[in-house]
Structure formats: structure tokens, C-alpha cells
Amino acid sequence: MDRTLIGMLTPSSNTVLEPYTAALLRDLFPSVTAHFQRFTVREISMRDDALAQFDPAPLLEAAQRLNDARMDVIAWNGTSASWLGFETDRRLCVAITEATGAPATTSVLALNEVLERTGVTRLGLVTPYLDDIQAAIVANYAAEGIEVVSERHLNDRGNFSFSEVDEATLAGLVREVAAAQPHAITILCTNLRGAGIVPALERELGIPIYDSVSVTVWKTLALAGIDPARLAGWGQLFQDPRLGA
């Protein structure tokens, strides 16, 4: 049987990315399937214990366990590099590939590729994170030449609680950010229910919206040699010719 196996490294307290990833890939089932390995993440903050959750060792161990099932691609489906620094994800991807032989990506590197390929320099940012986490994200994007022109965040240390933010609340934050007329808006967190609200909000606002779970699926499909445009009904990300495989 010809099939594509996509591995996702998953924060242990995340309850959104798995069902939303499965929903995104529904039309490709059973030839394309996603598989998940958890490692401990309980809090998003700048406390030393919270930062240590993202040390590479547990992620590499999780990747190696995933690869017992012979993944075609492996993704770190989380956004920690947005505040820790993008280089942390670049190093992680090299290490995953060295350990498993599988090509690797992350939610943040996928988003950054989308922003580069679509020429975004004015970004709207929606997250659930604490003030200092949000400030670090804004600074990291500024260093890459991308100005966050409007942002909203919930000042929550989560991580489980992020999944309890309802779609209406999230859509309201996106609308507030859209008032600054950014080139694009990102819903940055893989434990927020963003993927499902993107199509209607894009039609309403006329601005591309890039959800973290969605961009991870987009990039893993491309790395596996599958055209992301095969996913219909999930927003401009999958239909923009600039983002074709």
C-alpha cells in the first residue's frame, strides 16, 4: 500500500492540534495520515522550568519513538522558537534528521517560510501568551524585518487552558488586529482553535490568516511531495499559487 506518514511532536497538554490536523487531512485519508508523540509541556512562560521544557533532548527522544513507525516527515508542532529564537528550531530540525533520517520542520519555520514567500512585512499577531512572551515574539520578528503592526494576546500561561478559548473569542481578537491593515495575520499557537475560523474571516476581512496547525500541515505535505492545494476549504494558505509545493 502506497501511503505517506506524517509525524508530529506534540506538547503533552495540547488537545487541539491532533483533532485539527486529522480534520485538515481528512480528504487525503487513508493515503496520508498523521501520527503523534507527546512530551511534557504544561506551562508557557519565561520561568526557567518552563523554558527547559523545550530543551532538545525530549523532542529528539520523541522523534526517535515516532520514527519506529517509519515517518516520511517529522514536525515539531509547537511555537516555542517564536520566543526562544528561530535558530533553536533550525538546529532542532538538523538534529531530528540526523537522528531519524526523516526531513523535519516546525510550526514556526513553516510560518516564516509562508511570510517570506508571500512578501509579508506588516504582520498581525494573535496569541494566548503572557506579556513577556509576546514581547519576545514581536522582537524576534522585528529582527527579521517583519513589523508586528497590531497584536492581541490573552496573557495566559496555559498551556491546557489555551484549548478552552472558544472560536468566537478568537475571531474577535483577529478582527481587532485586522483594523491595522496588516499584510497577513497569524494565529500563533498550536493549542488555539484557529484553523476552522480562517476561511470565513479571510472572506470577511480580505486579509490572509495563517494558523499554526494549518501551516504545519502545509509544510509537512510539501516535504512529503504532496501538493497542499489538495486541501480545499481551509483558507488561502492552501490555494495561494505562491505557496505551491
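The values are calculated or read from the model by the stated rules, or taken from the named source; none is laboratory data. It should be emphasised that the depicted structure is a prediction, and the values quoted were computed from it without experimental measurement. Reconstructed Cβ throughout: ideal geometry from the backbone, glycine too, with neighbour counts over all protein chains shown.
Quick one: would you say residue 92 is touching a residue at least 12 places away in the same chain (Cβ under 8 Å), in contact with a Phe, Trp or Tyr (Cβ under 9 Å, 6 or more places away or on another chain), surrounded by fewer than 20 Cβ atoms within 10 Å (Cβ to Cβ) and assigned by TED's automatic domain parsing to the domain that holds residue 40? Steps first, answer last, please.
Working: touching a residue at least 12 places away in the same chain (Cβ under 8 Å): yes; in contact with a Phe, Trp or Tyr (Cβ under 9 Å, 6 or more places away or on another chain): yes; surrounded by fewer than 20 Cβ atoms within 10 Å (Cβ to Cβ): no; assigned by TED's automatic domain parsing to the domain that holds residue 40: yes.
Criteria not met by residue 92.
Would you be able to tell me the number of residues in the range 84-128 that are of a type in the set (Asp, Glu) and over 13 Å from the mean Cα position of the chain (by Cα)? Of the residues in that region, 3 qualify. Listed by position, the helices (runs of 4 or more DSSP H) contained in the range 1-68 that have at least 1 residues being basic (Lys, Arg) and either modelled with pLDDT of 95 or more or more than 26 Å from residue 101 (Cβ to Cβ) (or both) are 56-66.
If you go through the range 20-30, how many residues are free of Cβ contacts under 8 Å to residues at least 60 places away in the same chain and under 14 Å from residue 7 (Cα atoms)? Please lay out each step first, then the result.
Our first condition is that a residue be free of Cβ contacts under 8 Å to residues at least 60 places away in the same chain; within the range 20-30, this holds for 22, 26, 29-30.
With the extra rule that they be under 14 Å from residue 7 (Cα atoms), the set shrinks to 22.
Going through the range 20-30 one residue at a time, the tally reaches 1.
Scan the range 91-103 and give yes if some residue there is within 19 Å of residue 192 (Cβ to Cβ) and either modelled with pLDDT of 95 or more or among the acidic types (Asp, Glu) (or both), otherwise no.
Let us first name the residues in the range 91-103 that are within 19 Å of residue 192 (Cβ to Cβ), namely none.
No, the range 91-103 contains no residue that is within 19 Å of residue 192 (Cβ to Cβ) and either modelled with pLDDT of 95 or more or among the acidic types (Asp, Glu) (or both).
Surrounded by fewer than 15 Cβ atoms within 10 Å (Cβ to Cβ), free of Cβ contacts under 8 Å to residues at least 40 places away in the same chain, out of contact with any Ser or Thr (no Cβ under 7 Å at 6 or more places or on another chain) and in the same structural domain as residue 60 (by TED's automatic domain parsing): does that describe residue 203? So that I can check it myself, show each step before the final result.
Working: surrounded by fewer than 15 Cβ atoms within 10 Å (Cβ to Cβ): yes; free of Cβ contacts under 8 Å to residues at least 40 places away in the same chain: yes; out of contact with any Ser or Thr (no Cβ under 7 Å at 6 or more places or on another chain): yes; in the same structural domain as residue 60 (by TED's automatic domain parsing): no.
In short, no.
Entry remark, the range 183-192: residues being part of a loop (DSSP other than H, G, I, E, B), of a type outside the set (Ser, Thr, Tyr) and surrounded by 24 or more Cβ atoms within 10 Å (Cβ to Cβ) number 4 in total. Mind counting the residues in the range 113-133 that are part of a helix (DSSP H, G or I) and touching a residue at least 40 places away in the same chain (Cβ under 8 Å)? Residues that pass the stated criteria total 6. Scanning the range 137-180 for residues that are within 14 Å of residue 201 (Cα to Cα) and not in a helix (DSSP H, G or I) yields one hit, 179.
Answer with yes or no whether residue 27 is surrounded by fewer than 23 Cβ atoms within 10 Å (Cβ to Cβ) and within 30 Å of residue 227 (Cα to Cα). If you could, list the steps in order and put the result at the bottom.
Values: surrounded by fewer than 23 Cβ atoms within 10 Å (Cβ to Cβ): yes; within 30 Å of residue 227 (Cα to Cα): yes.
Yes, satisfied.
What about residue 229, is it free of Cβ contacts under 8 Å to residues at least 60 places away in the same chain, surrounded by fewer than 24 Cβ atoms within 10 Å (Cβ to Cβ) and not assigned by TED's automatic domain parsing to the domain that holds residue 148? Step through it out loud before you land on a result.
Working: free of Cβ contacts under 8 Å to residues at least 60 places away in the same chain: yes; surrounded by fewer than 24 Cβ atoms within 10 Å (Cβ to Cβ): yes; not assigned by TED's automatic domain parsing to the domain that holds residue 148: yes.
When the stated conditions are applied, residue 229 passes them.
Annotation: residue 101 fulfils all but one of (1) touching a His at 6+ places or on another chain (Cβ under 8 Å); (2) of a type outside the set (D, E, K, R); (3) loosely packed, with under 15 Cβ neighbours inside 10 Å; the unmet one is (1). Residues of the range 213-236 that are among the polar types (S, T, N, Q), closer than 20 Å to residue 36 by Cα and in contact with a helix residue (DSSP H, G or I) (Cβ under 7 Å, 6 or more places away or on another chain): 214, 216.
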